Amino acid sequence: CHDLNGKLHEFDSTWRDAQCNDCSCSRSGMRCCTSFITPSDYDEEKCVSIFNKETCTYKVVEKNDHSKECPVHAWVG
């Protein structure tokens, strides 16, 4: 299978791409899906979600103080 960057992957292989998608290759084709969940129910007036591309995770923190995490009541993914 060739990924979107043109890199060749062997059949029955798995990998995580630069956009944090988990991908797999089989004889029937290539399949990718997100490896992360996205916060969807939090106080958007007071808080902001920040994506960390190195860990492929979101953190929800106060807009005025990023050291304070905000409660998240629902995640999608």
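Figure legend. Inter-residue proximity from region 44-67: first residues on the phi > 0 side of the Ramachandran plot, second residues open to solvent by less than 70 Å² (accessible area, probe 1.4 Å), beta-carbon distance below 6 Å, spacing 6+ or different chains. Indicated pairs: C56/C20; C56/S35; C56/F36. Mind checking whether some residue in region 62-69 is of a type outside the set (D, E, K, R) and touching a strand residue (DSSP E or B) at 6+ places or on another chain (Cβ under 6 Å)? No, because not a single residue in region 62-69 is of a type outside the set (D, E, K, R) and touching a strand residue (DSSP E or B) at 6+ places or on another chain (Cβ under 6 Å). Look at region 24-36: where a residue is touching a residue at least 40 places away in the same chain (Cβ under 8 Å) and a partner is surrounded by 13 or more Cβ atoms within 10 Å (Cβ to Cβ), sitting 6+ places away or on another chain with Cβ atoms under 7 Å, you get T34/C20; T34/N21; F36/C20; F36/C56; F36/T57; F36/Y58. When you scan region 46-60, do you find a residue that is surrounded by 13 or more Cβ atoms within 10 Å (Cβ to Cβ) and touching a His at 6+ places or on another chain (Cβ under 7 Å), even just one? No, region 46-60 has no match at all. Looking across region 1-38 at every residue that is of a type in the set (V, I, T) and open to solvent by less than 100 Å² (accessible area, probe 1.4 Å), the one that is farthest from W75 (Cα to Cα) is identified as T34.
The values are calculated or read from the model by the stated rules, or taken from the named source; none is laboratory data. In this text, all values refer to a predicted model and were calculated from it rather than measured experimentally. Here the Cβ is made from the backbone with ideal geometry for all residues, glycine too, and neighbour counts use every protein chain on show. Ligands, DNA and RNA are stripped out before the accessible areas are found, and what is left, the full protein with its side chains, is counted by its heavy atoms. Shrake-Rupley method; radii C 1.70, N 1.55, O 1.52, S 1.80 Å.
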